Amino acid sequence: MKTIFGLFLMALSVFGVSVQCGAGEDAQSVETIIARSNHASLYQGADSQGTTTMTITDKQGRVRKRQFNMMRKNMDAKDTEQKYFVYFIEPSDVRKMVFMVHKHVGMGKDDDRWLYMPSLDLVKRIAASDKRTSFVGSDYLYEDISGRSPEEDAHELLETTDRYFVVKNIPKNPDAVEFASYIAHIDKTTFLPMKIEYVKADNRPYRVIEVMDVASVGAMEDGRQVVYPTVVRSVARDLENGSQTEMAFTNVRYNAGLQDDLFTERYLRRAPKEVMQ
């Protein structure tokens with residue numbers, strides 16, 4: 001499967017635009033960059049699925065692993081409504097845990113997020129205020145997994161280099177987040193955000209998400225062969241506590257024909273076979 005893994009990756013944290021740096025042609029140019037980056041990160045293909053392996057390393061060098069299958073389906077052609085289903089495979093203490101998201105970008109309401117904890121046989125709704133908390137003890141946040149709403153930040157194109165569009169992003173509601181801004185380096189060819197650096201009010205970087213490897217994944221779309229540039233390895237680093245989490249994506253497939261009913265509450269407690277495999 002953000003990024004799907006383009007963001008899911010990236011996170012991962014994807015953005016819309018409310019330009020502060022200019023008008024007319026320049027503003028349209030920035031809007032185009034952001035829209036294409038948002039699409040490349042989270043909306044390629046009609047749907048996607050794959051396996052993610054998380055390697056979490058704390059500042060003492062102790063390592064924990066998480067593995068899960070992830071499925072994502074676009075519910076419209078406007079890069080807005082979208083659904084995620086994440087089924088945990090390993091380790092045993094999280095096996096059969098499920099994280100599900102129904103995104104409502106531009107709909108004027110919060111995303112719907114559920115977490116099923118099999119040890120308690122409990123389905124928990126994740127509040128909007130919890131989306132900036134750690135995802136299963138990793139250095140990724142819940143919001144990183146399904147992406148940040150395009151409308152939540154204002155954006156400014158700082159510079160254009162040989163390889164990147166460098167965009168500064170400022171939250172419209174600073175009380176709802178722990179960062180003051182973040183800077184994204186967007187690849188000029190693939191439009192994937194390759195590095196995102198979060199800073200606090202004193203302009204101190206405290207968190208970084210970086211893409212380490214991108215692969216070309218082929219798929220059929222409307223009867224023709226297409227290739228999607230896809231993040232297959234990314235790393236999130238907490239610069240304050242010294243921990244980091246690597247995410248590796250394997251068996252990535254696009255346009256798999258996922259059914260709508262997969263992304264419903266009925267499957268939180270009993271996931272279908274195609275998710276568990």
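Read-outs: derived from the displayed coordinates by stated rules, not from any lab. In this text, all values refer to a predicted model and were calculated from it rather than measured experimentally. As a convention, Cβ positions derive from the backbone with ideal geometry for all residues, glycine included, and neighbour counts pool all protein chains shown.
Values as computed for the structure displayed
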{"quantity": "Potential lengthening between Glu81 and Lys172 on full extension [0.36 nm per residue; Cα-Cα distance subtracted]", "calculated": "30.6 nm"}
{"quantity": "Table column - 3J(HN,Hα) (Hz), the stretch 254-259, Karplus curve with 6.51, -1.76, 1.60, x for Gly and Pro", "calculated": "10, 6, 7, x, 5, 7"}
{"quantity": "Sorted largest first, extent of the chain alpha carbons per principal axis (Å)", "calculated": "51, 51, 35"}
{"quantity": "Violating pairs (Cα-Cα greater than 23 angstrom) within the set Lys103/Lys200; Lys73/Lys273; Lys65/Lys131", "calculated": "Lys103/Lys200"}
{"quantity": "Calculated FRET value between Arg132 and Tyr164, using beta carbons and R₀ = 30 Å, to 0.05", "calculated": "0.70"}
{"quantity": "Residues whose placed amide H lies under 5 Å from that of Met194, excluding near-sequence neighbours", "calculated": "His185, Ile186, Asp187"}
{"quantity": "Residue among Asn69, Ala46, Gly223 farthest towards the positive dipole end of the stretch 25-268, charges placed on Cβ", "calculated": "Asn69"}
{"quantity": "Gained length - Lys188 relative to Lys59, 0.36 nm times residue gap less alpha-carbon distance", "calculated": "43.0 nm"}
{"quantity": "Using θ = phi - 60° and Karplus 6.51 cos²θ - 1.76 cosθ + 1.60, couplings along the stretch 32-42 (whole Hz; Gly, Pro as x)", "calculated": "5, 4, 5, 4, 5, 5, 4, 5, 4, 6, 10"}
